[in-house]
Amino acid sequence: MGIDRRGFMKISGLTILGIAGGASIDGLASPQTPHDKAGRAGEKRLAMVVDLKKCHSQEGCKDCVTACHLYHNVPDFDNRKDEIKWIWKDSFHHAFHSMEHEHLEESITKGPTLLLCNHCDNPPCTRVCPTKATWKREEDGIVMMDWHRCIGCRYCVVACPYGSRSFNWRDPRPHIKDVNPDFPTRTRGVVEKCTFCELRLAKGQKPACVEACKEGALLFGDLEDPESDVRKALDGRFSIRRKPELGTEPEVYYLV
Amino acid sequence: MHNTGKVIIGLLIFLVIAAFPIWYAVAGGKTGDLPELEKAVKGENCVIDSVEMREIHMALLDEWRDEVVREDDRWYKSMTLDSTIEKSLTRSCLGCHTSKADFCDRCHNYLAVSPYCWDCHVDPKEFK
Amino acid sequence: MAEKMITPEELAGGIDYKPKKKTWLDPTVEFKKGTWNYAAPPQNLEYLDLPNPRKWSPIDEDWKLPDNWKEIILEGLRVRIKRFRSLQLFMDICVRCGACADKCHFFIGSGDPKNMPVLRAELLRSVYRKDFTTAGKIMGKMVGARELTVDVLKEWFYYFYQCTECRRCSVFCPYGIDTAEITMIARELMNLVGINIEWICTPAANCFRTGNHLGIQPHGFADSIEFAVDELEELTGIKVDAPINKKGAEILFVAPSADYFASPHYYTLLGYLALFHEIGLDYTWSAYASEGGNFGLFHSHEMMKRLNAKIYAEAKRLGVKWILGGECGHMWRVIHQYMDTLNGPADFLEEPVSPITGTKFENAKNTKMVHIMEFTSDLIRNNKLKLDKSRNDHWHPTFHDSCNPSRGMGLIEEPRYVIRACCNQFTEMPENTIKEQTFCCGSGAGLGTDENMEMRFRGGLPRANATKFVHDCDGVNILLCICAIDKATLPPLLEYWVPGVEVGGIHEMLGNALIMKGEKERTTDLRGEPLAGVESEEEKTEEEVSEDA
Amino acid sequence: MSALFALLMIIILLLISIIGTEVLGLNYVFGVIIPYAAIALFLVGFVYRIIRWANSAVPFKITTTCGQQKSHPWIKHSSLEAPHSTWGVIGRMALEVLFFRSLFRNTKADLKEGPRLVYGPSKWLWAAGLVFHWSFLIILLRHFRFFAEPAPFFVSGLQSLDGFFQIGLPIFYITSVAIVAALAFLFVRRLNDPKLRYISLGSDYFALFLILSIAISGILMRHTGLRADIVDVKQLAMGLVSFHPNVPESIGVMFFIHLFFVSVLFGYFPFSKLMHMGGIFMSPTRNMANNNREKRHVNPWDYPVKTHTYEEWEDEFRDVMKAAGMPLEKEK
């Protein structure tokens, strides 16, 4: 078959996007309900804390990215257009352009900023998914992906304000250098992103990136637990989140 | 008979198409020997009765995949094995039936079934 | 028609498309006045050597059938199944999808479920099943099989003479099942036991004897043509030549006999005469083949052949090169689809070439008979005619595609081309009622008799209703057609449903518009009606006259 | 009434297959003998019917023209609606057979106050007919995975196209839904329209119900607990086509029901209206060119008829013609 379901969706998605674009923008612009903490008593709220100073201390380090991509069979296309990103680095300016000013501390702004899916508390991406292939797992707050269900419509790609989602324009498998047989690859026509290593968590492991970071720049844990690393880190230092004005409530925090 | 030529040609086309399976079997020389499957490496029993498994494995896998991905429910209590196993195609199924080629594919090829599991899930043999 | 006729409101108000009975399998016919045709008189059957001549009427209890009538019909059916693949196939493959149901003008106008083409065919099919299929023999009514009884036969008579063989259902049938074929065969079968109608057998007998349906003898025919020549001289000031039985003429012209006898056909005849004179055509009429129409088509294939034989025979005797045919509907079904097979090959004729334009009529090269619409449209296309469209400005025409030329021939654009060349105004009726979807006049196939008037009004409702639409919306005041039966039966139909619309032929319009060399100034059209510009003057004159008086 | 009769027939067939296999254990009869008989009946019956039709002559060329004839070069000829050549006829037949051209034209007539007749497009019958027939064909072709080893080239393509939406496992086929929906529509249409109800015979409902039963039993086998082991099914099918029939022990009753309905359909086919499948190719109003006046058609059973010759005619009217001064062949 020259064209499969996802290929078809890819083509038709372009058209549908034009029509549905209005709908998803509405979703973004609609007034956000305030973060209701009482509603999730007893549940976990998994979060990641990135210590920018520690991260910047090792220039050119890509340990976390490599570990993640290796574990999750993330393909490497030599082509920015097709690039699949789970965790990646970009300039501070790009990551936090609204809170940037000329005289920010250089140790924060000089190096690239580590970016990944924010696992927002109020994610716009899940709301637009027509098949519920992406949804927020209520018990721990992970924004999940079910690749069995994804039809490649890319509404979520459009809806995510952080560019955290990538679409497989091409068959990824030939572009995976070392395949990890314990983790599925994806196929052409599905969207993918960071899942906070939900499979590793299920096995009692830490996320791959956290484990790989020798500097201890990445902390991971439950925000509802006052004893957790992340809570302690946030208690002690000032932290920022990306684009807080959108009301998406990211669960990735940056210590500055 | 009138328009004999055309009618005969039409009938021949019809008969050739209608008898396709017969001459295909004759020409192909294959009458469909039953596929032989690789033996499981561990034990005699599958996670459910093996005859039933043959009929419903696809539905079971479908159920599993939803339970695992969507409900974070990853363990299956097997009555036949009297133990709990992980709901995983690559780790549990292929753990016993170590060769996709000699187990899964045999029947699937025989029946022209092309499951799309393998579009994403990886046959460990292929990469190790 | 002394009796009170049903009014249009009553008629239309009583139409209900919901069948009233539970099943159609029990034969019941009520011969209501105005819906059936008189039986053929015995002398005409005798003249044509047809079986069982006798005096009888459909409303009689006893139809005076021969004792072995059932065997005759079943044997006739057996023979015809072998002879006509159409019949055999159409008996077998109908799936009763119902696509044809509301395509029949008689069903639309009557709501009688047995006028659905599918059921009309089932009347014959049920008998076929009973006697020719195993399932029918065993399962009977469950598979729609019926014993052939007198009541079934009466039903046949009633409904197969409520089919005008117009083939509209065949256009919509996914298998092309043509009820015309079934009706033709059913009528043949009934003819075997002497069941036939006067309005078919009498014209057939006349035609066989004298050469035309009306039974006009040769001298009468010559008189009619002579009269028309004089009439045309009065209108145009030109005395045209109209040779009859002229040996060695290039072309034999054959028209339906109504053209030289009935109105408004007559004005079409004047149009032909004017046209042939103007282009200097070397042609001849024939008193022997003085009929293009062929009521044999409505009787039996054999009768069709017997009546049709005269045309080629006469062309051969007169030594013409080819044959030209006038405006007629069923005549052209016979000529286009049957004549060559029935009485050909016409190898004594030449492939038709227009002597005026040199155009070869490739599509008629074997039958060697050209439709006058093909001929005239070619003349106009090659600028051989001078036409003054304004002389038709008092007419706002629409065009009624006659069933046979449209669905049995594909003659669709030629007449429109001629109309547009002759008239400034032209409006088409709604698209589902023209061209291949055209509706019958409701009186074709030998049903145009007065005793059948109510049924004609019912069957003609769709056509009249479409005409009413363009009459009301666009001011159409004449319905043009190229069929003699149309010209005869549409006037009373339109009078009934849509008063104020006349009926005419296309060559009448052409005759009006044609500027003839040396003609006197025309003040009237061929009907003697004042032309559009002249009208006011004449009225004024009349007023002045009355004032004087 | 006739619908109930047809339903009763279907129930009887269902009971026959259940009792035959479950109670009487006649698995060999239902798995081998009846299918062989049905196929034989189908092939022989089909050929017989076609030859019987072919034995009837086509005396005249009676094309139904649905468009402009080929006449002058400057008038656009409708080569598919009034075909002039063999290729035109092939095109017309292809449109008819593959896309139901004539049904596509369908209209609905309505009588309003006035009286005012209106005609609207009516494409439901066309749509349901097309969906049903195409689904049936695709389903039939997909089944070749059971009848051929290795499965022919078209099977996997059709399967992935038909399973495009990848819903469920085994994947739900679009045609499964489509065929049931289309048949249900065709049935409801027959019941709902008083005209249709009036013309429908028991055999019309029977054909609908039979095919519906086949479709439903197939769907139940694929998607519910009544499933059959398709390895066994293929073994049985391959045994049949290679003339080494055997009936695997473990085949369940649902499969026998399905197979029996299919057998009945095949056996019934040649003796029913379903023969329109072959008949459409032979329909004289569709499969001939509208070139009557250009190419002579010969009637194979033509016989001489009594005519009124010119000589007889002139003899009868000589006097009046003479008096009128008309030319005569013989003066006396």
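The values are calculated or read from the model by the stated rules, or taken from the named source; none is laboratory data. Every value quoted in this text rests on a predicted model; they were computed, and no experiment measured them. Please note: Cβ atoms are built from the backbone with ideal geometry, for glycine as well, and neighbour counts cover all protein chains shown. The area values use the complete protein model at the heavy-atom level, side chains included, leaving out ligands, DNA and RNA. Shrake-Rupley method; radii C 1.70, N 1.55, O 1.52, S 1.80 Å.
With a cut-off of at least 3 residues that are more than 17 Å from D:Lys273 (Cβ to Cβ) and either open to solvent by less than 10 Å² (accessible area, probe 1.4 Å) or in contact (Cβ under 8 Å) with a residue 60 or more places away in the chain (or both), name the helices (runs of 4 or more DSSP H) lying wholly within region C:121-172.
Counting at least 3 such residues, we get C:150-160, C:168-172.
Considering only region C:342-355, I want to know if a residue exists there that is outside the structural domain of C:Glu188 (by TED's automatic domain parsing), without any contact (Cβ under 8 Å) to a residue 12 or more places away in the chain and among the acidic types (Asp, Glu).
yes
Yes or no, residue by residue, for (1) open to solvent by 30 Å² or more (accessible area, probe 1.4 Å); (2) under 29 Å from B:Leu94 (Cβ atoms); (3) more than 14 Å from every other protein chain (Cβ to nearest Cβ); (4) touching a residue at least 40 places away in the same chain (Cβ under 8 Å):
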{"site": "A:Lys177", "(1), (2), (3), (4)": "yes, yes, no, yes"}
{"site": "A:Val191", "(1), (2), (3), (4)": "no, yes, no, yes"}
{"site": "A:Ala202", "(1), (2), (3), (4)": "yes, yes, no, no"}
{"site": "A:Lys206", "(1), (2), (3), (4)": "yes, yes, yes, no"}
{"site": "A:Lys214", "(1), (2), (3), (4)": "yes, no, yes, yes"}
{"site": "A:Leu246", "(1), (2), (3), (4)": "yes, no, yes, yes"}
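Report yes if some residue within region C:40-49 is of a type in the set (Ser, Thr, Tyr) and over 27 Å from the mean Cα position of the chain (by Cα); otherwise report no.
no
Among the residues of region A:113-137, which ones are among the charged types (D, E, K, R) and part of a loop (DSSP other than H, G, I, E, B)?
Scanning region A:113-137 gives A:Asp121, A:Lys132, A:Arg137.
Does C:Glu181 satisfy the condition of being more than 19 Å from C:Val29 (Cβ to Cβ), under 17 Å from the mean Cα position of the chain (by Cα) and either open to solvent by 10 Å² or more (accessible area, probe 1.4 Å) or in contact (Cβ under 8 Å) with a residue 60 or more places away in the chain (or both)?
Yes.
With respect to D:Asn287, determine if the residue is within 14 Å of chain B (Cβ to nearest Cβ), over 32 Å from the mean Cα position of the chain (by Cα) and not charged (D, E, K, R).
Working: within 14 Å of chain B (Cβ to nearest Cβ): yes; over 32 Å from the mean Cα position of the chain (by Cα): no; not charged (D, E, K, R): yes.
So D:Asn287 fails the test.
Restricting to region C:458-475, name every residue that is within 19 Å of the chain's Cα centre (by Cα) and of a type in the set (S, T, N, Q).
Selection gives C:Thr467 alone.
Among the residues of region D:1-59, count how many are closer than 30 Å to D:Asp302 by Cβ, of a type in the set (A, V, I, L, M) and in contact (Cβ under 8 Å) with a residue 60 or more places away in the chain.
Final tally of qualifying residues: 4.
Which numbered condition in (1) touching a Pro at 6+ places or on another chain (Cβ under 9 Å); (2) within 26 Å of D:His223 (Cα to Cα) is the only one that B:Val122 fails?
(2)
Residue-wise test of (1) away from chain D (no Cβ under 14 Å); (2) outside any loop (DSSP other than H, G, I, E, B).
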position: C:Thr183; (1), (2): no, yes
position: C:Leu189; (1), (2): yes, yes
position: C:Trp199; (1), (2): yes, yes
position: C:Thr202; (1), (2): yes, yes
position: C:Asn212; (1), (2): no, no
position: C:Gly220; (1), (2): no, yes
position: C:Ile238; (1), (2): yes, no
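Which of the residues belonging to region D:88-112 are open to solvent by 70 Å² or more (accessible area, probe 1.4 Å) and under 24 Å from D:Trp134 (Cα atoms)?
The answer is D:Ile90, D:Leu98, D:Phe99, D:Phe104.
For region B:9-41, how many residues are more than 21 Å from the chain's Cα centre (by Cα) and more than 9 Å from chain D (Cβ to nearest Cβ)?
So the count comes out to 8.
Got a sec? Which helices (runs of 4 or more DSSP H) wholly within region D:170-281 have at least 3 residues that are of a type in the set (Lys, Arg)? Quick ask: steps written out before the conclusion?
Numbers: elements: D:174-192, D:194-199, D:202-223, D:230-241, D:253-268, D:276-279.
Passing ranges: none, list empty.
Is it the case that some residue within region D:182-202 is at the interface with chain B (Cβ under 10 Å from one of its Cβ atoms) and modelled with pLDDT under 95?
Going residue by residue through region D:182-202, those that are at the interface with chain B (Cβ under 10 Å from one of its Cβ atoms) are none.
Scanning region D:182-202 turns up no residue that is at the interface with chain B (Cβ under 10 Å from one of its Cβ atoms) and modelled with pLDDT under 95.
What number goes with the only condition from (1) assigned to a loop (DSSP other than H, G, I, E, B); (2) open to solvent by 10 Å² or more (accessible area, probe 1.4 Å); (3) under 22 Å from D:Trp313 (Cβ atoms) that C:Lys316 does not pass?
In the conditions (1) assigned to a loop (DSSP other than H, G, I, E, B); (2) open to solvent by 10 Å² or more (accessible area, probe 1.4 Å); (3) under 22 Å from D:Trp313 (Cβ atoms), C:Lys316 misses (1) alone.
Determine whether A:Thr113 is surrounded by fewer than 21 Cβ atoms within 10 Å (Cβ to Cβ) and modelled with pLDDT under 95.
Numbers: surrounded by fewer than 21 Cβ atoms within 10 Å (Cβ to Cβ): no; modelled with pLDDT under 95: yes.
Considered against the rule, which asks whether it is surrounded by fewer than 21 Cβ atoms within 10 Å (Cβ to Cβ) and modelled with pLDDT under 95, A:Thr113 comes out as no.
Every residue, every condition in (1) within 9 Å of chain C (Cβ to nearest Cβ); (2) touching a residue at least 12 places away in the same chain (Cβ under 8 Å), yes or no:
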site: D:Leu98; (1), (2): no, no
site: D:Leu103; (1), (2): yes, yes
site: D:Lys108; (1), (2): yes, yes
site: D:Val118; (1), (2): yes, no
site: D:Gly129; (1), (2): yes, yes
site: D:Phe132; (1), (2): no, yes
site: D:Ile138; (1), (2): no, yes
site: D:Leu141; (1), (2): no, yes
site: D:Phe144; (1), (2): no, no
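If I ask for residues that are within 14 Å of D:Phe266 (Cα to Cα), open to solvent by 60 Å² or more (accessible area, probe 1.4 Å) and under 24 Å from the mean Cα position of the chain (by Cα), which ones from region D:27-55 would you list?
Within region D:27-55, D:Tyr36, D:Ile39, D:Leu41, D:Val44 meet the criteria.
Inspect region D:256-265 for any residue being of a type in the set (Ser, Thr, Tyr) and open to solvent by 30 Å² or more (accessible area, probe 1.4 Å) and give the result as yes or no.
No, every residue in region D:256-265 fails to be of a type in the set (Ser, Thr, Tyr) and open to solvent by 30 Å² or more (accessible area, probe 1.4 Å).
Select from region A:78-112 the residues that are touching a Pro at 6+ places or on another chain (Cβ under 8 Å) and either more than 29 Å from A:Phe167 (Cβ to Cβ) or not in a helix (DSSP H, G or I) (or both) and list them in ascending order.
A:Ile84, A:Lys89, A:Asp90, A:Ser91
How many residues are facing chain D (nearest Cβ under 8 Å), within 19 Å of C:Ile279 (Cβ to Cβ) and open to solvent by 20 Å² or more (accessible area, probe 1.4 Å) if we restrict to region C:357-391?
Residues flagged as facing chain D (nearest Cβ under 8 Å), within 19 Å of C:Ile279 (Cβ to Cβ) and open to solvent by 20 Å² or more (accessible area, probe 1.4 Å) within region C:357-391 amount to 2.
Scan region D:68-78 and give yes if some residue there is within 20 Å of the chain's Cα centre (by Cα), touching a residue at least 40 places away in the same chain (Cβ under 8 Å) and within 12 Å of another protein chain (Cβ to nearest Cβ), otherwise no.
No; the residues of region D:68-78 include none that is within 20 Å of the chain's Cα centre (by Cα), touching a residue at least 40 places away in the same chain (Cβ under 8 Å) and within 12 Å of another protein chain (Cβ to nearest Cβ).
This table checks each residue for (1) in contact (Cβ under 8 Å) with a residue 24 or more places away in the chain; (2) on the phi > 0 side of the Ramachandran plot; (3) in the same structural domain as C:Phe84 (by TED's automatic domain parsing); (4) open to solvent by less than 10 Å² (accessible area, probe 1.4 Å).
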residue: C:Ile185; (1), (2), (3), (4): yes, no, yes, yes
residue: C:Glu188; (1), (2), (3), (4): yes, no, yes, no
residue: C:Arg209; (1), (2), (3), (4): yes, no, no, no
residue: C:Gly215; (1), (2), (3), (4): no, yes, no, no
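Could you list, in sequence order, the residues of region D:190-211 that are aliphatic (A, V, I, L, M) and in contact (Cβ under 8 Å) with a residue 24 or more places away in the chain? Let's see the steps before the verdict.
Taking region D:190-211 and keeping what is aliphatic (A, V, I, L, M), we get D:191, D:196, D:199, D:201, D:207-208, D:210-211.
Residues satisfying the conditions are D:Leu191, D:Leu201, D:Ala207, D:Leu208, D:Leu210, D:Ile211.
Report yes if C:Val229 is part of a helix (DSSP H, G or I) and away from chain D (no Cβ under 12 Å), otherwise no.
yes
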